[in-house]
Amino acid sequence: MDKLLKEYITFLQEEDKNPSERFWRLEERIKKDKKRPGVRIRLEKKEAIFDAVRLIKLGVIDFDNIKDFSEEFQKEVKSLMGRMANW
């Protein structure tokens, strides 16, 4: 979310565009971003490993963000990422 907020600030600071254009561009971007997994995701414990893999692949989080999870969880995520890379 922090990354998105920084992008929104950049949109709003584009002085070469008129305020109306900046507003509507931001509004459209927010509407699109609301559907992204990093913004809106239904988390269930049984799907946590798959959610972590999906978020990593989308660039929403990285391995550093799961460092406080169990070693087993981290290994499973890395293993699944490795298997998916071959698809």
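If you go through the stretch 33-78, how many residues are at pLDDT 90 or above and open to solvent by 100 Å² or more (accessible area, probe 1.4 Å)?
Selection size over the stretch 33-78: 7.
Which members of the stretch 2-31 meet the condition of being open to solvent by 80 Å² or more (accessible area, probe 1.4 Å) and at pLDDT below 85?
Scanning the stretch 2-31 gives Asp2, Lys3.
The values are calculated or read from the model by the stated rules, or taken from the named source; none is laboratory data. Since the model is a prediction, treat every value here as computed from it, not as a measurement. These accessible areas exclude ligands, DNA and RNA; they are computed on the full protein's heavy atoms, side chains included. Shrake-Rupley method; radii C 1.70, N 1.55, O 1.52, S 1.80 Å.
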